[in-house]
1. Across region B:93-107, what is the total count of residues that are surrounded by fewer than 17 Cβ atoms within 10 Å (Cβ to Cβ) and either polar (S, T, N, Q) or more than 18 Å from B:Gly142 (Cβ to Cβ) (or both)?
2. Go through region B:202-223 and give me each residue that's without any contact (Cβ under 8 Å) to a residue 40 or more places away in the chain and β-branched (Val, Ile, Thr).
3. Would you confirm whether or not region B:160-167 contains a residue that is acidic (Asp, Glu) and either surrounded by fewer than 18 Cβ atoms within 10 Å (Cβ to Cβ) or away from the ligand (no atom under 16 Å from the Cβ) (or both)?
4. Kindly indicate whether any position in region B:224-233 is more than 24 Å from A:Glu120 (Cα to Cα) and either within 10 Å of the ligand (Cβ to nearest atom) or free of Cβ contacts under 8 Å to residues at least 60 places away in the same chain (or both).
5. Please work out which residue is modelled with the lowest pLDDT, limiting yourself to region A:135-152 and to residues that are of a type in the set (A, V, I, L, M) and surrounded by 24 or more Cβ atoms within 10 Å (Cβ to Cβ).
6. Look through A:Val50, A:Val32, A:Val41, A:Val12 and report the one residue that is of a type outside the set (Asp, Glu) and in a strand (DSSP E or B).
7. Tell me, yes or no, whether region A:179-186 has at least one residue that is more than 20 Å from A:Ala20 (Cβ to Cβ), at pLDDT 90 or above and outside any helix (DSSP H, G or I).
Amino acid sequence: MRGPGLDITDIVLSAGSSVAVVGMAKNCGKTVTLGAILEGVATRGIPVGVASAGRDGEDVDAVTMLPKPPIWLPEGALFATAERLAAKARAPIEPVAATRHTSALGRLLVYRAIAPGKVEVGGGNSAAAAHDAVALMRRLGARFVAIDGAAGRKFSCAPSLVEATVLATGAALAATMEGVVRRTTRAVRTLTVPEWMCPAGAEALSAPLSHRDVVFIRGDASSRRIVVPSVLARADEVARALTEDVETVLLGGALTGGFLRAILKRGRASGLTVVVRDATRILVEPGDLDRFWSAGGQVAAVHPVRLVAVTTNPTAPDGRLLDPAALLDGVAHAVAPVPAFDVVAGIARNLPAAGEAGPAMPNRSGAGGRIGVHGAPAAPAALAAPAAAFDTATDTAIVAAVAAGAGRKGASDHGPGRLAVPRGDEEPPREGGVA
Amino acid sequence: MTVSGVNLDLTRVRPYGDTLDDGWVQMSLTLPVPSGPEATRAAEALCEKMGLDDVRVVYSRDIAGTFTFFVVYGKCVHSVDFTAIKVSKVNMRHMTFDEINEFIATCIGRKIVVVAACTGSDAHTVGIDAIINMKGYAGEYGLERYPWFVAYNLGSQVPNEALVAKAIEVGADAILVSQVVTQKNVHIDNLTNLAELVEAEGIRDKVLLIMGGPRIDHELAVELGYDAGFGPGTLPSHVGAFIAQELARRMGVWAPAEKA
Ligand code: B12
């Protein structure tokens, strides 16, 4: 038995069997947060796998040149890293399988830690690489997978990749506590835009959505789909196509400030909902989003990011130290009902009562198929007894198949009953054994 | 290892000033205080905190009445273990202008398309021009002059959105971004945003993402999820060779020779 109260691992496990830990900025305590989760998961006897969305765990931060905590792995843990980073591991490791990805640091392989120790995890610098690494580690027996969203790479929390996201924030972000809270609140609001629950969605999404598609949905639920090279280049053109009867515009690619400004210029923000695949596609300066929201526009996502916790780090790389409890309180208040933790100080806020409810999902929409008010709590989901959520059957046959070079399609990452949006960027992973 | 007949311990390397291993360094700094004996003392005190012994201000000058510029000489008390240092470098074989063009012609069989820009608020064009412009840099031609490259140089202060839009429009094989100003780490935010945009637009697997600039190195590039980073002294042929080899490798038509 662990101590009283839920810890961050309980919260993460109650949301599923995969998490991305992303940092608001460098030195916000992302690696420490990841370590706390990995340790908690390992303590519960769940086999883990770790991948990265860049590179992490190196001794010295390439940006700030400050020492960084390495990624510690329990015995038996799987991790996906580039060959040349694996050579620097300070734990005995063995290669297990290869992905089809190669970066400037060599092939992206999956290794196993033969004994506990510190490693560098990196080389999965695209969503596709991270996706394949996760699928491969799962087939090799990982029952829980964590992604290190290196250097604030947001793509790692895409719902197509992970079920849960933890955001690490801290004093490194701004000079004052108010600044930290303000910037964190903004990021959370963008990351947790509501799930799009329009009844017209089913029809509008009946065909796969590519990155070049734009779908206009009218009030009567009829829709029109156009293909553009990129909304980035055709913002004005697309905004001009927003006739009065269009209530929703669905983008296959990125949502940027240029498009929002084009909409605002034509006075079309009011009553309009811009829908993206998921919040990782929103790459807008805070000012542009604020203006769009104030003008009555809404932003929603087909696949909502499930933010299950925010962690705070009161120390800044320049030596500044904020009051740990005050910072946690400030952030927790702003992101409620999302649980907030200072994993070093061992304090938490916004915890659901034990045994009662899982972490609230602030971005679940309300009833009636409309987009819910931001921050409306979700229907409580039972907090699954973590260990019971994992079946412990061995995957020996699959491991053997992977080692023999047999390709397999990864399991669907969206449960039944969800709007299934076929993602144009998905391809079955083609792994091979390590020669 | 021996240098000038003296035995050098590579696990304890110190700066060379007048004689081997004496630790002497010269450095400059500016303090936001008016020049005078107090300013000089402050500069010395600060340098002592930085790990210098026998600190001497050898030159100081008033700047605009409120700042003072110093040149300081002092003895560094620290050392580094040179044998423990590992740096990731761009992995490629050097090739000349002609070799690169021939390599592309035979291995890739079509022209390589690149788009380049100095992005965000950064207005320094000289670095990216050195790599791209016809006239080139340091005696080498830029990529525009390569018959097997099609290069679009969008200039400076280009928004990331415009750079990515151009890359999609022309079906670029590589996006080259230059970042010179690094004040308050603006380059980190800007480079990260570009990588996210490329991912969100679904072209990450179709392009090589390459960064460059005086304070850029390959380590940073890898950390931010780029394919390569090029720093000071980069020549157009370095970039051309990397792009050609990496594309060929990804197409499965070429493999680098194994190093022992
Ligand atoms: C010329 C210059 C300017 C000119 C630029 C004119 C122009 N059209 O480019 C002007 C006067 C406009 C200017 C303005 C400013 N500048 Co200025 N500028 C310089 C200076 C003197 C030289 C830069 C240069 O051209 N180098 C030569 C090129 C060839 O070298 P390079 O850029 O390193 O490029 C090489 C490699 O890095 C690499 N590379 C570069 N980019 C890329 C991209 C790719 C894809 C690849 C593969 C390789 C690659 O290949 C190149 C060839 O080897 C430097 C100081 C210095 N001596 O270095 C300051 C400097 C860069 N400037 C600086 C500053 C602060 C400014 C200003 C902010 C000043 C101010 N307070 O207003 C403004 C900013 C304007 C803006 N919005 O960006 C600082 C930057 C400090 C920092 N790290 O943040 C410097 C270092 C001066 C200093 N010590 O303070 N500047």
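The values are calculated or read from the model by the stated rules, or taken from the named source; none is laboratory data. This one's a predicted model, so the numbers in the text were calculated from it and none came from an experiment. When we count neighbours, we look across all protein chains shown, and the Cβ atoms used for this are built from the backbone with ideal geometry, even at glycine.
1. Taking region B:93-107 and keeping what is surrounded by fewer than 17 Cβ atoms within 10 Å (Cβ to Cβ), we get B:93-94, B:96, B:98-99, B:102, B:105-107.
Next cut, either polar (S, T, N, Q) or more than 18 Å from B:Gly142 (Cβ to Cβ) (or both) only: B:93, B:96, B:102, B:105-107.
So the answer is 6.
2. B:Ile203, B:Ile210, B:Ile216
3. Yes, region B:160-167 contains a residue that is acidic (Asp, Glu) and either surrounded by fewer than 18 Cβ atoms within 10 Å (Cβ to Cβ) or away from the ligand (no atom under 16 Å from the Cβ) (or both).
4. Initially, region B:224-233 is screened for residues more than 24 Å from A:Glu120 (Cα to Cα), giving B:232-233.
Within this subset, residues satisfying the condition of being either within 10 Å of the ligand (Cβ to nearest atom) or free of Cβ contacts under 8 Å to residues at least 60 places away in the same chain (or both) are B:232-233.
Within region B:224-233, one or more residues are more than 24 Å from A:Glu120 (Cα to Cα) and either within 10 Å of the ligand (Cβ to nearest atom) or free of Cβ contacts under 8 Å to residues at least 60 places away in the same chain (or both).
5. Going through the qualifying residues, I end up with A:Ala151.
6. A:Val50
7. So far as region A:179-186 goes, no, none of its residues is more than 20 Å from A:Ala20 (Cβ to Cβ), at pLDDT 90 or above and outside any helix (DSSP H, G or I).
To keep it simple, each residue is scored yes or no on (1) farther than 23 Å from A:Ala254 by Cβ; (2) of a type in the set (S, T, N, Q); (3) free of Cβ contacts under 8 Å to residues at least 24 places away in the same chain.
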| residue | (1), (2), (3) |
| --- | --- |
| A:Gly141 | yes, no, no |
| A:Ile147 | no, no, no |
| A:Ala158 | no, no, no |
| A:Val166 | yes, no, no |
| A:Ala174 | yes, no, yes |
| A:Val180 | yes, no, no |
| A:Arg189 | no, no, no |
| A:Trp196 | no, no, no |
